[in-house]
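Comments concern the structure below.
The values are calculated or read from the model by the stated rules, or taken from the named source; none is laboratory data. All figures in this text were calculated on a predicted structure; none of them were measured in a lab. Cβ placement follows ideal geometry from the backbone for every residue including glycine, while neighbour counts extend to all protein chains displayed. Protein only, heavy atoms only, side chains kept; ligands, DNA and RNA dropped before computing areas. Shrake-Rupley method; radii C 1.70, N 1.55, O 1.52, S 1.80 Å.
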Amino acid sequence: MASGHSHDRRGATTGALKAWDERIGRRLGLRDLSILLTAVEAGSMSKAAERLRVSQPAISKTISLLEREVGAQLITRSPRGILPTEHGRALLDRSRAAIGELQNAVEELDVLSDAKAGRLRLAANEVALSGVVGTVINRLHARFPGIVFEIVPAYTHAAQIHELEQGRVELVIGQIAPSDAAGHLQVTELFQEPIVVVCGPRHRWTRRDTIELAELIDEPWAFSSLNSVSGRSMEQAFRASGLGLPRIMAVSSSMQVLRRLVMDNEYLALFPRSAAQGVYVLPVAVNASWQPIGILSARHRTLSPLAKLFIDCAHAVVRDSGHEKNPRKAARPQ
């Protein structure tokens with residue numbers, strides 16, 4: 001009985017492969033898909049031709065042949081440029097991952113032949129970039145000077161996950177959302193930071209030695225969007241003290257923008273400890289922590305040797321810094 005089922009499965013698989021080979025497999029190449037992807041991302045045939053350094057007619061011909069092979073229109077032209085059809089989006093969604101995997105495979109071969117070379121694509125927010133990411137890159141460059149790190153600055157959690165799902169990056173370093181581990185993401189937690197209240201160096205609250213968070217509720221605050229992972233961390237800091245939200249006067253997803261608002265105005269803000277350089281940390285006890293910082297990868301993709309090397313080094317950096325067990329209080333600027 002089992003043997004019969006096994007034979008049926010093998011026959012079905014062989015049939016599917018034969019159907020693929022007869023219909024598309026021999027004629028549909030990754031280069032063709034890459035040309036289609038470039039044309040859609042560029043928004044026009046001429047811009048795609050410039051990027052790929054080929055003629056515009058060659059781009060048009062390749063896409064026309066693709067449409068003939070799959071039996072469906074893949075793009076439309078509009079005043080906004082080239083847009084994918086429903087069939088085009090379906091094909092591109094799958095193609096991005098395939099092209100990304102092939103790029104990783106080529107780079108993995110390079111790494112295997114020369115462990116001191118290769119390229120790793122990362123997405124990180126400003127908190128990670130100002131802390132653990134820079135330290136890890138410095139350590140790995142000292143050992144492997146031929147490694148190139150391509151860093152995509154994605155400031156929101158949603159933007160980081162989008163880059164990962166599209167296959168444009170192999171790792172995301174940033175805050176971990178509660179829902180991340182339940183889906184298609186592989187989550188590696190690194191550390192969790194305390195939250196501190198910050199202001200500009202000339203703010204009137206800098207003259208106090210101790211402050212209760214409740215005393216600051218009516219001050220103007222600069223926040224991340226409450227729909228973001230960072231914004232939820234900030235909101236939780238007030239909820240944990242039995243408080244409602246303060247007067248939110250400015251909102252930005254960029255930590256650099258929030259820092260500038262704090263330095264140039266009378267705003268207060270909540271930062272993770274590692275992001276508090278250059279601002280004044282007020283003596284306020286906050287009964288909450290920033291969302292955990294960690295590394296995210298696609299569960300269904302095999303990590304390259306460089307990605308594994310980066311993760312191992314990140315754990316070593318965290319252990320050496322004492323982040324995991326003994327977080328130190330943020331220093332107050334003099």
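So the values come out like this:
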read-out: Condition met for Gly294 (under 21 Å from the mean Cα position of the chain (by Cα), closer than 19 Å to Glu219 by Cβ, open to solvent by less than 20 Å² (accessible area, probe 1.4 Å) and not aromatic (Phe, Trp, Tyr)); value: no
read-out: Region 254-270, residues that are crowded, with 20+ Cβ neighbours inside 10 Å, within 26 Å of Gln160 (Cα to Cα) and not aliphatic (A, V, I, L, M); value: Arg259
read-out: Cβ-Cβ under 9 Å pairs, at least 6 apart or on other chains, region 285-314 side under 18 Å from Glu101 (Cβ atoms), far side of a type in the set (A, V, I, L, M, F, W, C) and in a loop (DSSP other than H, G, I, E, B); value: Leu296/Ile176; Ser297/Leu303; Pro305/Ala115; Leu306/Phe144
read-out: Residue match in region 200-223 (condition: part of a loop (DSSP other than H, G, I, E, B), in contact with a helix residue (DSSP H, G or I) (Cβ under 9 Å, 6 or more places away or on another chain) and within 18 Å of Ser289 (Cα to Cα)); value: no
read-out: Among residues of region 138-175, those that are in contact (Cβ under 8 Å) with a residue 60 or more places away in the chain, among the small types (Gly, Ala, Ser) and in a strand (DSSP E or B), counted; value: 1
read-out: Of all residues making up region 243-253, the number that are open to solvent by 50 Å² or more (accessible area, probe 1.4 Å) and in a loop (DSSP other than H, G, I, E, B); value: 2
read-out: Phe271 vs. criteria of a type in the set (Phe, Trp, Tyr) and without any contact (Cβ under 8 Å) to a residue 40 or more places away in the chain; value: no
read-out: Hits in region 278-295 (condition: at pLDDT below 95 and in a loop (DSSP other than H, G, I, E, B)); value: Gly278, Val279, Ala285, Val286, Asn287, Ala288, Trp290, Gln291, Pro292
read-out: Which listed residue, of Arg68, Arg77, Arg89, is basic (Lys, Arg), part of a strand (DSSP E or B) and at pLDDT 85 or above; value: Arg77
read-out: Which numbered condition Ala316 misses (of (1) under 30 Å from Gln166 (Cβ atoms); (2) at pLDDT below 90; (3) open to solvent by 10 Å² or more (accessible area, probe 1.4 Å)); value: (2)
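Yes/no matrix, rows are residues, columns are (1) within 30 Å of Ala72 (Cα to Cα); (2) at pLDDT 85 or above:
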site: Arg96; (1), (2): yes, no
site: Glu101; (1), (2): yes, no
site: Glu108; (1), (2): no, no
site: Leu112; (1), (2): no, no
site: Ser130; (1), (2): no, no
site: Ile137; (1), (2): no, yes
site: Ala142; (1), (2): no, yes
site: Glu170; (1), (2): no, yes
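Matching residues to (1) in contact (Cβ under 8 Å) with a residue 24 or more places away in the chain; (2) out of contact with any Phe, Trp or Tyr (no Cβ under 9 Å at 6 or more places or on another chain); (3) closer than 30 Å to Thr302 by Cα; (4) open to solvent by 20 Å² or more (accessible area, probe 1.4 Å):
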position	(1), (2), (3), (4)
Ala177	yes, yes, yes, no
Gln186	yes, yes, yes, yes
His203	yes, no, no, no
Thr210	yes, yes, no, yes
Ser225	yes, yes, no, yes
Glu235	no, no, no, yes
Ser241	yes, yes, no, yes
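Residue by residue, here is whether (1) open to solvent by less than 50 Å² (accessible area, probe 1.4 Å); (2) among the aliphatic types (A, V, I, L, M) holds:
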{"site": "Arg119", "(1), (2)": "no, no"}
{"site": "Ala128", "(1), (2)": "yes, yes"}
{"site": "Val132", "(1), (2)": "yes, yes"}
{"site": "Ile161", "(1), (2)": "yes, yes"}
{"site": "Glu170", "(1), (2)": "yes, no"}
{"site": "Ile173", "(1), (2)": "yes, yes"}
{"site": "Gly183", "(1), (2)": "yes, no"}
{"site": "Val196", "(1), (2)": "yes, yes"}
